[in-house]
Amino acid sequence: MDFHCAHKEPCMAATNSTATDWARRDARVVQHPHGDAADPDRLVLVRGKGSTLWDVEGREYIDAHAGAWLTQVGHGREELAKVAAEQMSALAHFTIMNDFANPPTIEFCEKLVERAPKNIAKVRLMGSGSEADDEALQLVRLFHYRRGQPQRTKILVLRGSYHGRTYGGAELAGGRPGIGEVPDGAIMLTPPWPYHAELFGGENLTDFCVRELEQAIARVGAENIAAMFGELVMGPAGMIPAPDDYWPRMVEVLRSHGILFVADEVVTAFGRAGAWYTSLDYHLAPDIIVLAKGIASGYVPLGALLLDGDVADVLDGASGGGSYAGHLMASAVASANIDIIERENLLEASRLRGAQFLEELRELLNLPVVGDVRGRGLMVGVELVSDKTTRQPLLDRFPNLKKDIDRFVRTRHGVILGIHGGTIALTPPLVITPREVSRVVDAVGDTLARVNIHTGRID
């Protein structure tokens with residue numbers, strides 16, 4: 001790919017400092033999550049437009065990452081910048097605690113409810129997906145407490161799922177090394193991972209998982225379980241969509257035992273998986289839906305909880321949300337973000353471009369390191385293996401390849417992507433073009449064709 005950029009504005013925007021200068025300054029003061037202090041390299045980005053990014057030296061990249069899977073409407077939307085500036089000039093923020101209200105937040109919440117499953121009645125706002133997951137954990141327990149069942153505190157979760165970085169998120173993950181003890185409240189269940197049939201002992205996946213759920217409830221006691229949290233498409237575990245009958249049957253079991261269902265749609269909502277809410281695609285009526293990421297396409301930090309009407313009634317007046325809940329400027333921008341998604345028909349675009357990815361990526365299944373290609377909307381995964389019979393993860397055998405693949409596809413082909421759970425994750429802005437999809441596929445295919453399965457090197 002030709003890295004010479006016709007636009008020199010990116011370099012101007014970052015003054016005359018070189019990439020090396022910025023990398024040195026970054027290493028001195030910025031600590032990066034999942035970063036490597038021993039690695040001096042930095043990709044210093046300064047501008048974006050649509051699905052294109054530019055670095056400080058003017059090199060151009062296709063964004064197949066969407067900045068943590070959230071830039072639904074693409075980069076450089078002047079319309080959103082204008083909305084933010086106008087609202088900040090009028091009134092940037094005032095709390096919505098007690099009886100305080102404001103038009104941007106009301107209008108935004110109306111849009112969220114109008115597009116949600118019919119049982120959804122109320123919205124609670126906060127600043128991020130991790131906050132939203134944490135608050136949902138508190139609320140499901142408070143719900144049962146207020147109904148005279150304070151012992152209902154246990155939570156059902158899928159092994160390998162992700163529900164945020166707070167202490168509540170750590171509890172839902174069954175603990176994290178080095179942070180101390182967390183409450184022993186999580187009941188782990190087998191993830192619905194079709195490629196790994198060995199998890200289900202030859203049984204139908206959904207039959208196995210439903211039976212396992214029923215057994216877990218019988219063992220722990222339904223009277224002790226508050227809720228189940230579920231990513232409708234498992235993201236960090238490797239872009240894993242469940243079979244169509246999985247969630248409806250699982251939720252049916254939960255309902256029969258009075259166990260709440262929390263649909264974690266932090267990643268999937270707002271078109272990322274091809275619908276406003278993936279709950280609608282599965283014909284679900286969750287008690288709580290957790291939202292963030294694409295809710296404002298990353299133009300502002302924002303999270304939310306959608307509450308079932310009966311659940312909202314029980315929880316009326318409960319504290320939470322934090323100082324920035326109902327932030328006027330964030331609500332105004334998020335409202336405009338929804339308008340763009342609707343006006344430009346980006347839900348359909350997600351489905352079409354996702355289908356294109358899957359069709360073009362299937363040729364990669366002939367490569368020795370590719371075990372599976374899967375996705376829903378623009379949550380697309382290419383699972384890497386070192387043995388197609390045992391399905392051993394390639395990155396377990398060669399951990400260095402996680403960084404090597406990422407850097408090679410970036411420097412040789414000008415494509416930015418992510419690797420999660422041993423899987424290449426392709427999650428571009430929903431505005432990505434058919435031509436850009438094909439370029440990303442070509443870049444991934446060329447890179448993986450060069451991987452030596454015996455040495456773990458890119459030849």
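The values are calculated or read from the model by the stated rules, or taken from the named source; none is laboratory data. Please read these numbers as outputs of a predicted model, since none were measured by experiment. Quick reminder, even Gly has a Cβ in these numbers, built from the backbone with ideal geometry, and neighbours come from all protein chains shown.
Does Arg141 count as charged (D, E, K, R) and either surrounded by 15 or more Cβ atoms within 10 Å (Cβ to Cβ) or touching a strand residue (DSSP E or B) at 6+ places or on another chain (Cβ under 8 Å) (or both)?
Answer is yes for this residue.
So if I check each of Glu110, Glu135, which one is surrounded by fewer than 17 Cβ atoms within 10 Å (Cβ to Cβ) and within 27 Å of the chain's Cα centre (by Cα)? Full working, then the answer.
Details: Glu135 fails: surrounded by fewer than 17 Cβ atoms within 10 Å (Cβ to Cβ).
Going through Glu110, Glu135 in turn, the sole match is Glu110.
Can you confirm whether segment 364-379 contains a residue that is part of a strand (DSSP E or B), within 21 Å of Leu291 (Cα to Cα) and not small (Gly, Ala, Ser)? Working first, answer last.
Initially, segment 364-379 is screened for residues part of a strand (DSSP E or B), giving 370-376, 379.
Still in the running and within 21 Å of Leu291 (Cα to Cα): 375-376, 379.
Narrowing the set further to residues that are not small (Gly, Ala, Ser) leaves 376, 379.
So far as segment 364-379 goes, yes, one or more of its residues are part of a strand (DSSP E or B), within 21 Å of Leu291 (Cα to Cα) and not small (Gly, Ala, Ser).
Output the residues belonging to segment 355-368 that are surrounded by fewer than 23 Cβ atoms within 10 Å (Cβ to Cβ) and touching a residue at least 12 places away in the same chain (Cβ under 8 Å). Break it down into steps so the answer makes sense when it comes.
Narrowing segment 355-368 to residues surrounded by fewer than 23 Cβ atoms within 10 Å (Cβ to Cβ): 355-356, 358-360, 362-368.
Gln356, Leu358, Glu360, Glu363, Leu364, Leu367, Pro368 - these are the residues of segment 355-368 that are surrounded by fewer than 23 Cβ atoms within 10 Å (Cβ to Cβ) and touching a residue at least 12 places away in the same chain (Cβ under 8 Å).
Give the residue that is surrounded by the fewest Cβ atoms within 10 Å (Cβ to Cβ), with candidates limited to residues of segment 113-132 that are small (Gly, Ala, Ser) and more than 19 Å from Ser319 (Cβ to Cβ).
In the first step, residues of segment 113-132 are kept if they are small (Gly, Ala, Ser); the result is 116, 121, 127-130, 132.
Within this subset, residues satisfying the condition of being more than 19 Å from Ser319 (Cβ to Cβ) are 116, 121, 129.
Working: Ala116: 23, Ala121: 15, Gly129: 28.
Applying the filter and picking the extreme gives Ala121.
Quick one: count up the residues across segment 359-375 that are in contact with a Gly (Cβ under 9 Å, 6 or more places away or on another chain) and over 19 Å from Lys388 (Cβ atoms).
So the answer is 2.
State all residues of segment 25-40 that are over 20 Å from Lys403 (Cα atoms) and either surrounded by 11 or more Cβ atoms within 10 Å (Cβ to Cβ) or touching a residue at least 12 places away in the same chain (Cβ under 8 Å) (or both); if no residue qualifies, say none.
Residue satisfying the conditions is Arg25 alone.
Yes or no, residue by residue, for (1) assigned by TED's automatic domain parsing to the domain that holds Leu291; (2) of a type in the set (Asp, Glu); (3) modelled with pLDDT of 95 or more; (4) under 28 Å from Val262 (Cα atoms):
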| site | (1), (2), (3), (4) |
| --- | --- |
| Leu307 | yes, no, yes, yes |
| Gly322 | yes, no, no, yes |
| Met329 | yes, no, yes, yes |
| Gln356 | no, no, yes, no |
| Arg374 | no, no, yes, yes |
| Gly377 | no, no, yes, yes |
| Val385 | no, no, yes, no |
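Residues Ser279, Ser297: which one is assigned to a helix (DSSP H, G or I) and of a type in the set (S, T, N, Q)? Reasoning before the result, please.
Numbers: Ser297 fails: assigned to a helix (DSSP H, G or I).
Just a single option satisfies the conditions, and that option is Ser279.
Give just the number: which of (1) in contact with a Gly (Cβ under 7 Å, 6 or more places away or on another chain); (2) assigned to a loop (DSSP other than H, G, I, E, B) does His454 not satisfy?
(1)
Looking only at segment 172-200, which residues are more than 18 Å from Ala263 (Cβ to Cβ) and at pLDDT below 95?
Of segment 172-200, the ones more than 18 Å from Ala263 (Cβ to Cβ) are 174-185, 188, 190, 193-200.
Selection gives Gly174, Gly175, Arg176, Pro177, Gly178, Ile179, Gly180, Glu181, Val182, Pro183, Asp184, Gly185.
I need a count of the residues in segment 103-137 that are over 12 Å from Ala330 (Cα atoms) and part of a loop (DSSP other than H, G, I, E, B).
Going through segment 103-137 one residue at a time, the tally reaches 5.
Per-residue answers, yes or no, for (1) surrounded by fewer than 23 Cβ atoms within 10 Å (Cβ to Cβ); (2) part of a helix (DSSP H, G or I); (3) over 14 Å from the mean Cα position of the chain (by Cα); (4) not small (Gly, Ala, Ser):
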| position | (1), (2), (3), (4) |
| --- | --- |
| Val262 | no, no, yes, yes |
| Val266 | no, no, no, yes |
| Gly271 | no, no, no, no |
| Gly326 | no, no, yes, no |
| Ser335 | yes, yes, yes, no |
| Arg351 | yes, yes, yes, yes |
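Only one of these is under 24 Å from Gly354 (Cβ atoms) and not β-branched (Val, Ile, Thr): Gln87, Gln31, Gln72. Name it. Reasoning before the result, please.
Numbers: Gln87 fails: under 24 Å from Gly354 (Cβ atoms); Gln31 fails: under 24 Å from Gly354 (Cβ atoms).
Step by step, each of Gln87, Gln31, Gln72 is checked, and only Gln72 is under 24 Å from Gly354 (Cβ atoms) and not β-branched (Val, Ile, Thr).
Just to be sure, is Leu378 crowded, with 23+ Cβ neighbours inside 10 Å and within 16 Å of Thr268 (Cβ to Cβ)?
Values: crowded, with 23+ Cβ neighbours inside 10 Å: yes; within 16 Å of Thr268 (Cβ to Cβ): yes.
Taking the combined requirement at face value, the residue satisfies it.
Filter segment 192-218 down to the residues that are of a type in the set (A, V, I, L, M, F, W, C) and in contact with a strand residue (DSSP E or B) (Cβ under 9 Å, 6 or more places away or on another chain), then identify the one that is farthest from Glu383 (Cα to Cα). Talk me through it step by step, then tell me what you get.
Of all residues in segment 192-218, those of a type in the set (A, V, I, L, M, F, W, C) come to 193, 197, 199-200, 205, 208-210, 213, 216-218.
If we keep only those that are in contact with a strand residue (DSSP E or B) (Cβ under 9 Å, 6 or more places away or on another chain) as well, we get 193, 209, 213, 216-217.
Working: Trp193: 12, Cys209: 22, Leu213: 27, Ala216: 30, Ile217: 32 Å.
That would be Ile217.
With the condition kept exactly as written, say whether any residue in segment 240-260 is buried (at least 17 other Cβ atoms within 10 Å of the Cβ), of a type in the set (Ser, Thr, Tyr) and at pLDDT 95 or above.
Looking for residues that are buried (at least 17 other Cβ atoms within 10 Å of the Cβ), of a type in the set (Ser, Thr, Tyr) and at pLDDT 95 or above, one finds at least one in segment 240-260, hence yes.
Just for segment 38-89: of the residues that are assigned to a loop (DSSP other than H, G, I, E, B) and among the hydroxyl-bearing types (Ser, Thr, Tyr), which one is farthest from Arg343 (Cα to Cα)?
Step one: filter segment 38-89 for residues assigned to a loop (DSSP other than H, G, I, E, B), giving 38-44, 51, 56-59, 64-65, 70-74, 76-77.
Now narrow it down to the ones that are among the hydroxyl-bearing types (Ser, Thr, Tyr): 51, 71.
Numbers: Ser51: 18, Thr71: 16 Å.
Residue satisfying both the conditions and the ranking: Ser51.
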